[in-house]
Amino acid sequence: HFDITSSCLNATDPNVTEAVNATVAKFVATPEGTALAYGSLVFMALLPIFFGALRSVSCGKSKNSSDMPETITGRDAARFPIIASCTLFGLYLFFKIFSQEYINLLLSMYFFVLGILALSHTMSPFMNRIFPANIPIKQYQLLFTQGSGEAKEEIVNYEFDTKDLICLVISTVVGVWYILKKHWIANNLFGLAFALNGVELLHLNNVSTGCILLGGLFVYDVFWVFGTNVMVTVAKSFEAPIKLVFPQDLLEKGLGASQFAMLGLGDIVIPGIFIALLLRFDVSLKKETRTYFYTSFLAYIFGLGMTIWVMHTFKHAQPALLYLVPACIGFPVVVALLKGELTEIFASWNSGKNLTCSTMWH
């Protein structure tokens, strides 16, 4: 569902660089607790990137137009940091003027609906594999039209079956759990679903677009974190599943832990869609190797590790894209130079070659 993912992504812009401890002054995390929290965040960040990239390669026939990928053009990429900045500052003003409690209540209901649909879409391929063959599958259709006769226009036309219905029920249970308890596990289930949908369904059309997008958000990230307190203020005030969290006091308090390290979904989705583009490029070469994909994937691990190390050393929120962007772009470019394929990469990516959808993965 692109609309679901794009709404989530816009809302995650305040957290696009957030990787900071949500701790009180009196709490001091143990080295074991800190290592577990940061290691878990890195592992969770890698899951939607890896599987989202794989799912972005095979864009099979979808039953719903909303499940088709959305292509980001160079113009979209250039405007994105400006839109993100306006959204971020607007949220900052809202939290300053209006009651934080009511704003978060409204946002919780909004993301409750989005989360259910995103998690259901994420679970669908797994449900197709494990669904018992002896259970009959019924087809359903949700149709909403406007007008009549020749002037009739479809507003909503959603087709689903028994398997989709089961996914929706399970997702609703998670959604109710999140609304009632705001538990960090429910938050992460929704967050992972949003991130995977973003990587799968948001497609860059070529490397130039990717560089424009990552470069623009690189500047956006550095400015709003180091230049003002807007980013951190909004991130700490915003109660919605737009970040992955993991408790640093899990070893002491178990599942009831309350002191969290966090990572914004934007720090996963933005580099993730670039890494997914590299995988589709590898596939288009019709070779057995996935050199550029694995290079950028390792570059992401390196960049995220650098972010966490600097943040932990200087005890200050860090703009993750400050480290992720140079790594995710620089590493593949260096590999292309060493292999003598730099010209080929730029020529194929900028020639209009369709890398948005492919079924050549094997």
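The values are calculated or read from the model by the stated rules, or taken from the named source; none is laboratory data. Owing to the predicted nature of the structure, the values given are computational and were not obtained by experimental measurement. Cβ: placed from backbone, ideal geometry, glycine included. Neighbour counts: every protein chain shown. Heavy atoms of the whole protein, side chains included, go into the accessibility calculation; ligands, DNA and RNA do not. Shrake-Rupley method; radii C 1.70, N 1.55, O 1.52, S 1.80 Å.
Key figures for this structure:
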| item | result |
| --- | --- |
| Spherically averaged projected area in nm², based on the convex hull that wraps the Cα atoms of the range 59-197 | 12.7 nm² |
| Relative contact order of the range 263-354, defined on C-alpha pairs under 8 angstrom at six or more residues apart (%) | 26 percent |
| Whole-number D in µm²/s for the range 156-283 (Stokes-Einstein; Kirkwood sum over Cα pairs; 37 °C, 0.692 mPa s) | 190 µm²/s |
| Accessible surface, per residue, of the range 259-352 when the full set of protein chains is kept, probe 1.4 Å, Å² | 39 Å² |
| Accessible surface ranking that places the most exposed of 110, 292 first, with a 1.4 angstrom probe | 110, 292 |
| Sequence of 55, 75, 280 from largest to smallest accessible area, 1.4 Å probe | 75, 55, 280 |
| Cα gyration tensor category, rounded, prolate or oblate, for the range 185-244 with a/c compared to 1.5 | oblate |
| Accessible area per residue in Å² at 1.4 Å probe, computed on the range 91-247 | 51 Å² |
| Whole-Hz couplings from phi, Karplus 6.51/-1.76/1.60, listed for the range 148-162; x for Gly and Pro | 8, x, 5, 8, 5, 10, 6, 9, 9, 9, 10, 9, 8, 10, 4 |
| Fraction of accessible area attributable to carbon and sulfur, the chain (%, probe 1.4 Å) | 67 percent |
| Cα-based equivalent ellipsoid, the range 75-146: semi-axes from gyration tensor eigenvalues, Å | 38, 18, 14 |
| Cα centroid separation, the range 198-257 to the range 138-164 (Å) | 36 Å |
| Projected label distance in nm at residue 131 and residue 105, using a 7 Å step from Cα toward the beta-carbon | 3.9 nm |
| Choice from 307, 295, 228 with maximal GNM fluctuation in the chain (Cα, 10 Å cutoff) | 228 |
| 5 angstrom amide H check on residue 317, placed H, neighbours 5+ away | none |
| Placed amide H near residue 202: partners under 5 Å, 5+ positions off or other chain | 70 |
| Viscosity 1.002 mPa s, 20 °C: Kirkwood-radius Stokes-Einstein D of the range 243-292 over Cα pairs, µm²/s | 158 µm²/s |
| Cα→Cβ-extended label distance, 7 Å offset, between residue 73 and residue 152, nm | 3.3 nm |
| Sequence-distant residues sharing a close amide H with residue 161 (under 5 Å, placed H) | 140 |
| Stokes-Einstein diffusion coefficient of the chain, Kirkwood radius over Cα pairs, 37 °C, 0.692 mPa s, in µm²/s | 153 µm²/s |
| Area of residue 200 that stays accessible when all protein chains are in place (1.4 Å probe, Å², to 10) | 30 Å² |
